[in-house]
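No lab work stands behind these numbers, since they all come straight from the coordinates. Treat the numbers as computed from the prediction; the structure is a model and nothing was measured. Backbone-built Cβ (ideal geometry, glycine too); neighbour counts: all protein chains shown.
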């Protein structure tokens, strides 16, 4: 686990929207994830990355209260995830990995019907987003491609203007143009000068690292159910360095050690003198190193 | 039936590499500083809005805000209420070359006049020195 001091400072300074304490979930073959501690501040856009089977989906399900952990706790806006109040549900938009939609209804039907349950539903905004993403509105959803069903899930999650978006691989089946519209939509309506400057918090799990790189403020690396690193993306770019594995390295500065290549990823804030020897990494390189 | 077509030509001032070891906010800060130093962004000129940059590159608007805040703290740009960010009128010119470059136009002008009047170079130089001393003498009183 890295940078506990920095995370502590953020807890004190900022409002924490997503909190997990010692969150642990077992599954028949062992552990889905264990001892997860997270404190995500308001306004953060957090990318959750890790290999398939690292525990990302189950973690997100526990955070939104769809699964009960075996140990520890999670809360959203200070409200326990397993007992989310209506007020918190109104502020939350969640996209599951497999689209949560009604196959016999059209996209248009979904937008009309589901909207009735929410106070802040904006049908006009939904329609505009659906159009920009080329979502067919009048075909029964069961007949749509996986990608189009994903688009519908996303539009539905955004329609009530949530303050918190939790997204489980929301764009894996989408083409680059749709993905671009999706990323822009995450930040509210950038095209409208009148749109309110409200703070939205986003937690998104994705394999599309090049997409994440442009939009995240923070990154969480999950490996075999453990949080390897959680920090601001700018801090990782400025301070995480790949260095040759030598005795000079202070153990506390090590984020990960490559099992074969004799290199380490270190946090140069904890050992500044090594910064000059280190190589800065882009997100895909960092991912490879941390999952080696 | 009358069809009105508006063609809007728009080029983005910045060039951002999203897959790069250089953080996006730092790329923006450095580009704005270079554009100001080179004169492409003149004092008083408006910067593209946070929204416009975020929309163009599909990046987080907070990243652009962060870059603009840093430039504002450094005094390179200022916030114009209701409009957005603009290049500050007074830039801190630290290098000697920058300062000489600003003096050049006035001296060129004086050189033209001296040539038209047929004043020899040494006399013109001596006169300039005398003027300098006069000005500096005034400021020291």
Principal-axis tilt of helix A:123-132 within chain A, Cα atoms, nearest 10 degrees = 70 degrees
Based on Cα positions only, what radius of gyration and what Dmax would you give for the protein assembly as shown, in angstroms?
-> 27.9, 100
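In whole percent, what relative contact order does chain A give with Cα contacts below 8 Å and a gap of six or more residues? If you can, show how the numbers build up before the last one.
Working: 544 pairs, mean separation 59.0, N = 292.
Once divided by the residue count of chain A, the mean separation gives 20 percent.
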Relative exposure of A:31, A:95, judged by other C-beta atoms within 10 Å (fewest first) = A:31, A:95
